[in-house]
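First up is the structure itself, then whatever we jot down about it.
The values are calculated or read from the model by the stated rules, or taken from the named source; none is laboratory data. Note that this is a predicted model, so its numbers are computed, not measured. Cβ placement follows ideal geometry from the backbone for every residue including glycine, while neighbour counts extend to all protein chains displayed.
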Amino acid sequence: MNKRMIALAATALLALTACGNESAAQPDSGASLTGRTFLSTAITENGKPRPLAAKTQVRLQFTTNGRISWNAGCNSSDTTVSTSDGRLSLGKEIASTAMGCMGSLQGQDAWIAGVLSAKPTWKLDGDKLVLSTESTTISLLDKETAEPDLALDSTKWKLTTVVTGESASHQAGFEKVWLTLNGERVTGSTGCNEFQGVVARATGKVTFGELATTRRACAGEAATVESLVLKALKGELTYQIDGSTLQLRSADGGLDFTAPTR
């Protein structure tokens, strides 16, 4: 190879190297966040661990239509989001639920809203997402890794919420209500009486037949809860599993359940 050919080859190699470095240097546009949900694993504030209320964590969801929703144990909020320049920038209009949050939960709602409104930097490494402001760092993990969906069958689902129209209620006694599905059979408890019955299955749907119950007399809150549960577990319901939660829905409302993760 003569000197001219060597020089041309070296020039071409340098050009390719420069292009490769330029491509590698391009910041992540944020597309890698789209359609993913992340759960907090650790939080530091001013260099020290920041504990959250018991049984709560920060949950961030990046939707496919350019929005972000978040929850820190009580209310959920949603708005548009920009992920350019390595920062999260929220839209001006933020929609939030209006559940009554007491004590530390109310404080957590305000705290996470403040962190996200401060345009934190973000860095994604595989399933790990880190958000940082001048004082706060939140480490999160992709939900599919942190909390894979439980199976519909053979899981003991415990009631957490009754949804009626646009309202959701959490009452004492809900924790005693449970159900388990196995193929075409369902068994469970209303918190007062045990029940069993037959269910038909289709993709994303279950249809409950008439449920047979024991005949224990229920009074007060137990009677109210039982009435709500039996009314909801009728006919065709859509279902959705998200990690350790199960949602059953009809046109009128539905039930939310949870199960302990292993």
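Just to verify a result, which residue in region 140-162, among those that are crowded, with 17+ Cβ neighbours inside 10 Å and either at pLDDT below 90 or small (Gly, Ala, Ser) (or both), is nearest to GLU45 (Cα to Cα)?
That would be ALA146.
Would you pick out the residues in region 211-255 that are under 20 Å from GLU144 (Cα atoms) and either exposed (fewer than 13 other Cβ atoms within 10 Å of the Cβ) or not aromatic (Phe, Trp, Tyr) (or both)?
GLN240, ILE241, ASP242, GLY243, SER244, THR245, LEU246, GLN247
Counting only residues that are assigned to a loop (DSSP other than H, G, I, E, B), closer than 19 Å to ALA202 by Cβ and in contact with a Phe, Trp or Tyr (Cβ under 9 Å, 6 or more places away or on another chain), how many does region 220-262 have?
2
Let's see how each residue does on (1) free of Cβ contacts under 8 Å to residues at least 40 places away in the same chain; (2) closer than 17 Å to LEU255 by Cα; (3) within 23 Å of the chain's Cα centre (by Cα):
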site: PRO148; (1), (2), (3): no, no, yes
site: GLN171; (1), (2), (3): no, yes, yes
site: VAL177; (1), (2), (3): no, yes, yes
site: GLU184; (1), (2), (3): yes, no, no
site: GLY197; (1), (2), (3): yes, no, no
site: ALA202; (1), (2), (3): yes, no, no
site: PHE208; (1), (2), (3): yes, yes, no
site: LEU211; (1), (2), (3): yes, yes, no
site: ARG215; (1), (2), (3): yes, no, no
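Restrict the check to region 87-108 and report whether at least one residue is at negative phi, at pLDDT 95 or above, outside the structural domain of SER244 (by TED's automatic domain parsing) and of a type in the set (Ser, Thr, Tyr).
yes
Spot the failing condition for THR190; the list is (1) surrounded by 12 or more Cβ atoms within 10 Å (Cβ to Cβ); (2) over 24 Å from ARG59 (Cα atoms); (3) without any contact (Cβ under 8 Å) to a residue 40 or more places away in the chain, and only one is missed.
Every listed condition holds for THR190 apart from (3).
With the checklist (1) in contact with a Leu (Cβ under 6 Å, 6 or more places away or on another chain); (2) acidic (Asp, Glu); (3) within 24 Å of ASN75 (Cβ to Cβ) in hand, flag the one item GLU147 doesn't pass.
(1)
In contact (Cβ under 8 Å) with a residue 40 or more places away in the chain and on the phi > 0 side of the Ramachandran plot: does that describe GLY47?
no
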